[in-house]
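Let me begin by presenting the structure, written as structure tokens, before commenting on it.
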Amino acid sequence: MKYLMLLSLILLAAGCGTMKDKKILDDQGLALILALDRTDQGKLSVTTVIPNLSKDAKEKTQIFNVVVQGVHEAWEQFRKKAGKYIIPGQVKLILFSKESAKQGLSPMLVPLFRDPSISSTVFVGITDGPAQQVVQAKLKDKGMIDEYLFGLVNKEERPAKAGESRFGYTVKTLYTSGLDNTLPVLKLEKDEITVKGLAVMRHGQLAGIIDKTSTPYFYLLKGISYNDILVFAFNPKNKENIASLSFTSNQRALQMTHSNPHKIGMKISVQGQLFEHGGYDVENPEQYDMLKQTITKEIKMNCEKLLKQLQAMNADPIGLGPYYKARLNPKEWSDAWWRTTFPDLTIDVNVELKTLQTGISN
């Protein structure tokens, strides 16, 4: 009898605890995404997505939008609209419109970063178009919008493991001289959201965009291993003249001479597997070497083309600035010096290609 009474008390306590937890959840909303746009009046349009926990709800998420002067004012306005406290601690993605990024993200990033409940590992992205439209998009067969968007940016970062699109690193670039970064660009097109490329950020301000086709070359220049397939069309009209190379590893080595700091050597070592051979007979050693030389030239040309684009933007997301900063006398280095030097820097790119395939290793 004694044990039965004890069991009854435990079950009663467990039941009360569950109802209490449910009431807490009913009184609070967990923000999953933040989308920020600058209005024409200089105010902030802030949109958030929270899960809808009601059993009878047709929509799995609720979306709220408010127009405010500052970021933290938004939480109080969300509470009034939702009738519950909106907690930012579960935010996993922060989106800014391209137009907002052109004006600079610092006034929005820094107040958010001061909130201890928001993790420094949250993803940050740029939208080509209003950020509000992206999170409010009605997409067929894509599931919950927060999971879909998070999956897109996570998939984009995972092959490179760069960590550049994380909240903490993005804020770090605001205060570190010579340090720039990139963020994924999302675009809503009809009933689909796609990653269109990388936004190049210079101290939190949009300097330009690297298109999707140039992304692999960006990671080669940065020296980050990136699992992707490069397709080379030597003659686009002839399908037989297409070669494809799948990366297995890549490395970058830099060499600067103190006597001429305006010139730097960059060696890029690429290892990959050939799947298509561009019409070359790879069983013939001479043709196989010709194919390797042709692909090497293509990689070098595309890397040099992207370098010129970055120098024209005067943005250095590939990390040459930190390399110089670590090797120059502190009296010689300054962010102003680097911003003057980088656009005219002579960068000698040398590409070394090692291909692997069945029966062949060169």
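Could you check, for segment 88-96, whether at least one of its residues is in the same structural domain as ALA35 (by TED's automatic domain parsing) and under 29 Å from SER334 (Cβ atoms)? If you could, list the steps in order and put the result at the bottom.
Pass one, segment 88-96, residues in the same structural domain as ALA35 (by TED's automatic domain parsing): 88-96.
Those still in the list that are under 29 Å from SER334 (Cβ atoms) too: 96.
Scanning segment 88-96, I find at least one residue that is in the same structural domain as ALA35 (by TED's automatic domain parsing) and under 29 Å from SER334 (Cβ atoms), so the answer is yes.
Given the options LEU152, LEU230, name the one that is under 24 Å from LEU105 (Cα atoms), modelled with pLDDT under 90 and not small (Gly, Ala, Ser). Don't jump to the end; show me each part of the working.
Details: LEU230 fails: under 24 Å from LEU105 (Cα atoms).
Just one listed residue meets the conditions, LEU152.
Does segment 87-94 contain any residue that is within 24 Å of GLU157 (Cβ to Cβ), touching a residue at least 24 places away in the same chain (Cβ under 8 Å) and among the small types (Gly, Ala, Ser)? Break it down into steps so the answer makes sense when it comes.
Filtering segment 87-94 for residues within 24 Å of GLU157 (Cβ to Cβ) gives 88-94.
From the residues that got through so far, the ones that are touching a residue at least 24 places away in the same chain (Cβ under 8 Å) too are 88-94.
So of that shortlist, the ones also among the small types (Gly, Ala, Ser) come out as 89.
Yes.
Which of the residues spanning segment 83-94 are at pLDDT below 90 and either farther than 11 Å from VAL49 by Cα or touching a Leu at 6+ places or on another chain (Cβ under 6 Å) (or both)?
Narrowing segment 83-94 to residues at pLDDT below 90: 83-90.
Those that are at pLDDT below 90 and either farther than 11 Å from VAL49 by Cα or touching a Leu at 6+ places or on another chain (Cβ under 6 Å) (or both): GLY83, LYS84, TYR85, ILE87, GLY89, GLN90.
One residue is enough: does segment 313-332 have a residue meeting the conditions over 27 Å from the mean Cα position of the chain (by Cα) and among the hydrophobic types (A, V, I, L, M, F, W, C)? Give the steps one after another, and end with the answer.
So in segment 313-332, the residues over 27 Å from the mean Cα position of the chain (by Cα) come out as 327-332.
From what's left, among the hydrophobic types (A, V, I, L, M, F, W, C): 328.
Yes; the residues of segment 313-332 include at least one that is over 27 Å from the mean Cα position of the chain (by Cα) and among the hydrophobic types (A, V, I, L, M, F, W, C).
Kindly evaluate ILE87 against the criterion of being β-branched (Val, Ile, Thr) and buried (at least 20 other Cβ atoms within 10 Å of the Cβ). Lay out the reasoning, then the answer.
Numbers: β-branched (Val, Ile, Thr): yes; buried (at least 20 other Cβ atoms within 10 Å of the Cβ): no.
In short, no.
Taking segment 245-265, which residues are surrounded by fewer than 15 Cβ atoms within 10 Å (Cβ to Cβ), at pLDDT below 85 and in a loop (DSSP other than H, G, I, E, B)?
Result: THR257, HIS258, SER259, ASN260.
The values are calculated or read from the model by the stated rules, or taken from the named source; none is laboratory data. Predicted, not measured: the structure shown is a model, and the values here were computed from it. Note that we place each Cβ from the backbone using ideal geometry, even for glycine, and neighbour counts take in every protein chain shown.
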